[in-house]
Amino acid sequence: MRVVGLIGLVLALLVVGVLAKKQMSSAVAPVLPSGAQATTEAPAGDVRAQSRQIQEQIKQSLDAAQQRRPVPDDN
């Protein structure tokens, strides 16, 4: 009975491995639009503004999550 369990485990791992390989090989790198520049560096002002915007979005999400929701009555 242990052999049957081991064979099932090996088959399951094989299927997961094949699916993972297929998923990884089908991942395509995003293509830049024809007018976009290929540089990875952005001006410091843009990075700071983007950082502030992300921080504000996270703060708003946390504030919304902390608010208590009204509990409906079971009546």
Problem - Efficiency of FRET between V71 and V16 - r from beta-carbon atoms, R0 35 angstrom, step 0.05 - result: 0.25
Fill in the blank from the handout: region 1-16 scanned against label point 7 Å out from S25 along Cα→C-beta; backbone N under 15 Å for 15-16
Problem - Protection proxy ranking of 65-74, 9-18 - average other beta-carbon atoms within 10 Å, highest first - result: 9-18, 65-74
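All of the numbers you see were taken from the coordinates with simple rules; none came from a lab. Fair warning: this is a prediction, and the values are worked out from it, not measured in the lab. So basically every Cβ, Gly included, is an ideal-geometry build from the backbone, and we count neighbours across all protein chains shown.
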